[in-house]
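What follows is calculated from the coordinates using simple rules that are stated; it is not laboratory data. A quick note: this is a predicted structure, and the numbers were derived from the prediction, not measured. Don't worry about glycine lacking a Cβ; one is built from the backbone with ideal geometry, like all the others, and counts go over all protein chains shown.
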């Protein structure tokens, strides 16, 4: 059976320097965007599986969609964002500079971060593991911009490069690929364009 696989990133988060980044929640704007998507009857209607990272912001994105579609939520801890625990929270300008270096030098650990190459292998293995068996409909992965970009690069046959990132705006973007060919026909789009 031919099916479409979609990778959706969580939208805007409430930045809290006192809390571990993996436990950050969606902010009001991000939660409203998820609620709007969950409230559109035709959106993602062919989806039969939803698979999420175990980070709070990803689960807060995936759960309302799973409820709206009447499907279970599978949580895969290894789908987490690139491991940045060595630095923890970084002010926005500093974070962007380190993220640039992360993508620019994929084999090097920047300030103790997981390398881009290692993060790419991890997310690709998780996605392939989830898709190894027969699927009875479309599949939705819910995760993060960094590893999502690494996944997009791998599936598209592109070298790791931040220019393939979802772009500014706080997340809430997606790309799709065919279950059989594993090739994305186009790049990132906003979640408001998801129709199923």
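Data for the structure
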{"read-out": "Helix-only mean residue ellipticity at 222 nm for the chain, each DSSP H run of n ≥ 4 adding -39500 (n - 2.57), per residue, nearest 500", "value": "-10500 deg cm²/dmol"}
{"read-out": "Tensor-based shape of the range 119-196 (alpha-carbon gyration tensor, a/c under 1.5 rounded, otherwise prolate or oblate)", "value": "oblate"}
{"read-out": "Label-point separation in nm, residue 179 to residue 29, each point 7 Å along Cα→Cβ", "value": "3.6"}
{"read-out": "Mean Cα-pair separation over length for the range 38-175, i.e. relative contact order, pairs under 8 Å, 6 or more apart, %", "value": "28"}
{"read-out": "Segment residue 192-residue 74, extension gain: residue separation times 0.36 nm, minus the distance between their alpha carbons", "value": "40.2 nm"}
{"read-out": "Convex hull per residue volume in Å³, alpha carbons only, for the range 1-87", "value": "96"}
{"read-out": "Debye log10 I(q)/I(0) for the range 51-129, one point scatterer per Cα, at q = 0.13 Å⁻¹", "value": "-0.50"}
{"read-out": "The range 165-181 versus the range 52-77: alpha-carbon centroid distance in Å", "value": "17"}
